[in-house]
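*Asks:* Have a look at this one.
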Amino acid sequence: MCATCGCDANGTLTMHEPGHHHHHEHDHQHRQKIVEVEKDVLHENNLLAERNRGYFDAKNILAMNLVSSPGSGKTTLLEKTLTDLKGTIEMAVIEGDQQTTNDADRIHATGTKVVQINTGKGCHLDAHMVLHAVQGMKLKNDSVLFIENVGNLVCPAMFDLGEKERVVIISVTEGDDKPLKYPDMFHSSTLCIINKIDLLPYVPFDVEKVRANALQVNPQLKIIELSCTGGQGLTDWYQWLQSKVLQPETV
Amino acid sequence: MHELSIVMSIVAIAQQEVQKAQASIVDEIEMDIGCLSTIEMDAFEMAWKQGIKQTILQHAAKKINRLNGKATCSDCGNIFAIQQVYEACPNCGSHFIHITQGKELRVKSLLLS
């Protein structure tokens, strides 16, 4: 309905302001119409994410979205995992970075199928990018897909990629108040990995404090402490991972 | 700076609606942006200014409803206002809370002509 004179562009309702001459075959120059949109701004992304999710479900693929600040050790954790679990689980990787194929090259060196997405100026991956990356990958049934997001604790929190698990990684060289400073990421994650615990003797990082802060943001968050270089805690991570790998249903 | 991709999504939604209604321009856009959504308003305003250039939103008046955070405690059922997603229930101290308002990010209505 027109806010200026009250007419309806479709002609179902006409109202006129006092003094506004009324005639029935009028054709306004300024027809206005209010459209009640009520549409989520991320609607398009969420639709594509659900589409990805359906594809993963149908093929029994466990998709995981790895998020963290730059430098927390996401790629190193992947390299280690891909090497250690080789032969036990089928795995593939999507790498997200603004520029370069450096991370994809590191993953490729482990003998794993990998696709690099360069977001250019973009600060996060979205469901649309993952959709296209997946199209060319020919993922195997009953496999695990790691999606390493752009290193950024803010923006990727908003974008559902269609993953089953969201894993947030924090290293002990960061502040133990990070879950409170960047609550959205911790709020939307299912697992938190505290990485580089071999460095604990050298840094003022309080593990108990970060645990408490993370659980304050998300009481359901599972937390695993590990070190990719020292090897501590890696079995906990592998056990968690294996517990999440969906076994195909036997008929 | 995800705010720019958010603005571009808003432009895309407006474009779809304009086409559907066979209108030519957006005179006004009304949006709900919750205080707990991950939108930083300063960044949003900056992204808006750039993002709507030469689009059908270029001359649209912008109306934003900021919705305050609200939560229900999963343990004691208390309904309360929150400023941060990590706040505890003021009644029983539980962190098992369900956010019922404040995460909104939607285009509510458009005035087209």
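*Asks:* Which residue, chosen from B:26, B:73, B:89, occupies the Cα position most advanced towards the positive end of the dipole of segment B:3-112, where the dipole is computed from +1 (Lys, Arg) and -1 (Asp, Glu) charges on Cβ about the Cα centre?
*Replies:* Ranked along the dipole, the leading option is B:26.
*Asks:* I've got another one for you. Could you order peptides A:135-144, A:227-236, A:177-186 by the average number of other Cβ atoms within 10 Å of their residues, highest first?
*Replies:* Values: A:135-144: 14.0, A:227-236: 15.7, A:177-186: 20.7.
Order by mean packing, descending: A:177-186, A:227-236, A:135-144.
*Asks:* Quick check: the angle from helix A:234-244's long axis to the longest principal axis of chain A, C-alpha only, nearest 10 degrees?
*Replies:* For helix A:234-244, the angle is close to 50 degrees.
*Asks:* Here's another thing I want to ask about it. Counting other C-beta atoms within 10 Å, and keeping those with at most 15, which DSSP coil GluC sites (Glu not before Pro) do you find in segment A:153-251?
*Replies:* Details: sites: A:163, A:165, A:174, A:208, A:225, A:249; in loops: A:163, A:174, A:249.
Sites meeting the loop and neighbour criteria: A:249.
*Asks:* Quick one: ranking B:108, A:74 by accessible area, 1.4 Å probe, largest first, what do you get?
*Replies:* Largest to smallest exposure gives the sequence B:108, A:74.
*Asks:* Also: Partner chain Cβ atoms within 10 Å, averaged over the residues of A:64-76 - can you pull that number for me?
*Replies:* 0
*Asks:* May I pose another question? Any chance you could give the angle, 0 to 90 degrees and rounded to 10, that helix A:74-84 forms with the longest Cα principal axis of chain A?
*Replies:* Result, in degrees: 50.
*Asks:* For the pair A and B, how large is the buried accessible area, both sides, in square angstrom to the nearest 100, if the probe is 1.4 Å?
*Replies:* 2600 Å²
*Asks:* In debye, nearest 20: dipole of the protein assembly as shown around its Cα centre with unit charges on the Cβ of K, R (+) and D, E (-)?
*Replies:* With only Lys, Arg, Asp and Glu charged at Cβ, the dipole is about 420 debye.
*Asks:* List the cysteines of chain B that have no other Cys Cβ closer than 4.7 Å: which are they?
*Replies:* B:35
*Asks:* A further question follows. Give the cross-link partners of residue A:140 among the lysines, using a straight C-alpha distance below 16 Å as the criterion and excluding same-chain residues fewer than 8 apart.
*Replies:* A:59, A:86, A:113
*Asks:* Find the accessible area per residue for segment B:3-112; the probe is 1.4 Å, ligands and nucleic acids are left out, and the unit is Å².
*Replies:* I get 49 Å² per residue for segment B:3-112.
*Asks:* Which residue, A:96, A:187, A:152, has the largest displacement toward the positive end of the dipole of chain A when charges sit on each Cβ (Lys, Arg +1; Asp, Glu -1)?
*Replies:* Of the options given, the answer is A:96.
*Asks:* Send over a whole-number figure in Å² for the accessible area per residue of chain A, probe 1.4 Å.
*Replies:* Using a 1.4 Å probe on heavy atoms only, each residue of chain A averages 48 Å².
*Asks:* Among all the aspartates and glutamates, which ones have a C-alpha under 12 Å from residue B:53's C-alpha, if same-chain residues fewer than 8 places away are not counted?
*Replies:* Within the straight-line limit of under 12 Å, residue B:53 reaches no aspartates and glutamates at all.
*Asks:* Helix A:43-58: angle to the longest alpha-carbon principal axis of chain A, degrees 0 to 90, nearest 10?
*Replies:* 40 degrees
*Asks:* For the protein assembly as shown, with all protein chains present and a 1.4 Å probe, just round the carbon and sulfur fraction of the accessible area to a whole percent.
*Replies:* C and S fraction of accessible area: 50 percent.
The values are calculated or read from the model by the stated rules, or taken from the named source; none is laboratory data. Computed from a prediction, not measured in an experiment: that's the story for all the values here. A quick note on method: Cβ atoms are made from the backbone with ideal geometry, for glycine too, and the neighbour counts reach across all protein chains shown. Remember, those area values only see protein heavy atoms, side chains included, never the ligands or the DNA or RNA. Shrake-Rupley method; radii C 1.70, N 1.55, O 1.52, S 1.80 Å.
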